[in-house]
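This report concerns only the one structure given below.
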Amino acid sequence: MVWAIFAIGCGLARTYYELLLLRLLLGVAESGVYPATLILLSHWFSRSERARANAFWLLCFAGRRHPGVAFFGLDSGPLELARHAGG
């Protein structure tokens, strides 16, 4: 619930400093997700299944970057070249 409030606050921020503060608080609010998920996985899965469950959880981190790569490339280098090529 706290994370959602800070996420909405980021959208409603009116100044740069409000956004910085809310992004910091958002990061603090979501910092416990990774350790909590590993603990939950260790309780839900047996020792023999735990490595596979952790691997699937870690694949989620890689999977959320790739859709952006399809639209924007790995870095802004090609975009900068295209932007300046027009003059």
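Readers should treat all values here as calculations from the given coordinates under stated rules, not as data from a laboratory. What you see is a predicted model, and the numbers here were worked out from it, not measured in a lab. Using ideal geometry, Cβ is built from the backbone for each residue, glycine included, and neighbour counts are taken over all protein chains shown.
In debye, nearest 20: dipole of the stretch 1-52 around its Cα centre with unit charges on the Cβ of K, R (+) and D, E (-)?
Using only the charged Cβ atoms, the result is roughly 160 debye.
Across the stretch 50-55, in residue order, what do the Karplus-derived ³J(HN,Hα) couplings come to in whole Hz, using 6.51 cos²θ - 1.76 cosθ + 1.60 with θ = phi - 60° and x for Gly and Pro?
5, 4, 5, 5, 5, 5
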